[in-house]
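Novice: One structure coming up, written as structure tokens, with questions to follow.
The values are calculated or read from the model by the stated rules, or taken from the named source; none is laboratory data. Because the structure is predicted, anything quoted here is derived from the model rather than measured. Virtual Cβ from ideal backbone geometry, glycine too; neighbours counted across all protein chains shown.
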Amino acid sequence: MFTFSLTLIRHGETQYNRDGLLQGQGVDTVLSETGIQQCEVVGRYFRDTKFSNVFVSDLQRTIETAEIILRNSRSAAEIVLEPLLRERSFGIFEGRAKEDLKNAANACGQSCRDFTPPGGETPSEVRLRFKKFLKVLFRQMLDEHGPSGPADSAEVESEPGCCTNGDADPSGAELTGSADDGLHGVPCPRSGG
């Protein structure tokens, strides 16, 4: 059986993080001074780790994070930009306070995690996007390092239950109701029961 290690690193702090504002995909911010320092520490921690691949989303905060980490480590891996790795889209709430999202979710009787703002992604859509990336990654790893040759005939799977929680297909989601909290008719998505 072919195995490999996958290291996941969240981007360093941005001023939006510090200020409690949502970034999502539509707000492309750079790292704060604290975020830069965090990445330098992580780079030193991984100083002796040789990464074969480095994948990041195409957002500036993740690119900057990877560049700083690699500069402070001995890894010579090139950075590959992968839009599938973007964080969740928060739609109309991007650039706004996290508290605004929480208030809208509460008005719909949902948690922030389950609430899907207009123009945003559902949690299921995020999981499906990440699973798509993992499938591509697993095939690439098999092609590059696997013992059995090209992955065309290989079955690519992860640990049972990885990246799934039994949620319904996001295409079954419907919009019902509206928030009555001064947000002017923000729809309350309901999916999976």
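Novice: If I ask for residues that are surrounded by fewer than 16 Cβ atoms within 10 Å (Cβ to Cβ) and of a type in the set (Gly, Ala, Ser), which ones from region 1-25 would you list?
Specialist: The answer is SER5, GLY20.
Novice: Would region 148-166 turn up any residue that is modelled with pLDDT under 95, touching a helix residue (DSSP H, G or I) at 6+ places or on another chain (Cβ under 9 Å), in a helix (DSSP H, G or I) and closer than 30 Å to PHE51 by Cα? I'd like the intermediate steps shown before the answer.
Specialist: Quick first cut of region 148-166, residues modelled with pLDDT under 95 only: 148-166.
Adding the requirement that they be touching a helix residue (DSSP H, G or I) at 6+ places or on another chain (Cβ under 9 Å) leaves 148-152, 154, 156-158, 162-165.
Checking the rest, the ones that are also in a helix (DSSP H, G or I) come to 151-152.
Within this subset, residues satisfying the condition of being closer than 30 Å to PHE51 by Cα are 151-152.
Among the residues of region 148-166, at least one is modelled with pLDDT under 95, touching a helix residue (DSSP H, G or I) at 6+ places or on another chain (Cβ under 9 Å), in a helix (DSSP H, G or I) and closer than 30 Å to PHE51 by Cα, which makes the answer yes.
Novice: Output the number of residues of region 81-118 satisfying the condition of being modelled with pLDDT of 95 or more and of a type in the set (Phe, Trp, Tyr).
Specialist: So the answer is 2.
Novice: Can we say ILE36 is over 20 Å from GLU82 (Cα atoms), touching a helix residue (DSSP H, G or I) at 6+ places or on another chain (Cβ under 7 Å) and either free of Cβ contacts under 8 Å to residues at least 60 places away in the same chain or surrounded by fewer than 20 Cβ atoms within 10 Å (Cβ to Cβ) (or both)?
Specialist: Numbers: over 20 Å from GLU82 (Cα atoms): yes; touching a helix residue (DSSP H, G or I) at 6+ places or on another chain (Cβ under 7 Å): yes; either free of Cβ contacts under 8 Å to residues at least 60 places away in the same chain or surrounded by fewer than 20 Cβ atoms within 10 Å (Cβ to Cβ) (or both): yes.
Answer is yes for this residue.
Residue-wise test of (1) touching a helix residue (DSSP H, G or I) at 6+ places or on another chain (Cβ under 6 Å); (2) free of Cβ contacts under 8 Å to residues at least 24 places away in the same chain; (3) in a helix (DSSP H, G or I).
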position	(1), (2), (3)
ARG74	no, no, no
ARG88	yes, no, no
GLN110	no, no, no
PHE115	yes, no, no
MET141	no, no, yes
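Novice: Here's something else I'd like to know. Tell me whether region 94-107 contains one or more residues that are basic (Lys, Arg), assigned to a loop (DSSP other than H, G, I, E, B), touching a strand residue (DSSP E or B) at 6+ places or on another chain (Cβ under 7 Å) and closer than 23 Å to ARG61 by Cα.
Specialist: yes
Yes/no per residue for (1) more than 30 Å from ALA105 (Cβ to Cβ); (2) aliphatic (A, V, I, L, M):
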| position | (1), (2) |
| --- | --- |
| TYR45 | yes, no |
| ASP48 | yes, no |
| PHE55 | yes, no |
| ILE69 | yes, yes |
| SER75 | yes, no |
| GLU78 | yes, no |
| LEU81 | yes, yes |
| LEU85 | no, yes |
| SER89 | no, no |
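Novice: With the requirement that a residue be part of a helix (DSSP H, G or I), surrounded by fewer than 20 Cβ atoms within 10 Å (Cβ to Cβ) and at pLDDT 95 or above, what does region 39-68 give you?
Specialist: GLN60, ILE63, GLU67
Novice: Could you grab me the full set of residues in region 113-128 that are surrounded by fewer than 17 Cβ atoms within 10 Å (Cβ to Cβ) and more than 15 Å from the chain's Cα centre (by Cα)?
Specialist: Within region 113-128, ASP114, PRO118, GLY119 meet the criteria.
Results for (1) touching a strand residue (DSSP E or B) at 6+ places or on another chain (Cβ under 9 Å); (2) over 21 Å from LEU21 (Cβ atoms), shown as yes or no for each residue.
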{"residue": "ILE69", "(1), (2)": "yes, yes"}
{"residue": "SER73", "(1), (2)": "no, yes"}
{"residue": "ALA76", "(1), (2)": "no, yes"}
{"residue": "VAL80", "(1), (2)": "yes, yes"}
{"residue": "GLU87", "(1), (2)": "no, no"}
{"residue": "ILE92", "(1), (2)": "yes, no"}
{"residue": "SER111", "(1), (2)": "no, no"}
{"residue": "GLY120", "(1), (2)": "yes, no"}
{"residue": "LYS135", "(1), (2)": "no, yes"}
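Novice: Restricting to region 1-50, name every residue that is within 21 Å of the chain's Cα centre (by Cα), farther than 24 Å from THR122 by Cβ and of a type in the set (Lys, Arg).
Specialist: Of everything in region 1-50, just one residue is within 21 Å of the chain's Cα centre (by Cα), farther than 24 Å from THR122 by Cβ and of a type in the set (Lys, Arg), namely ARG18.
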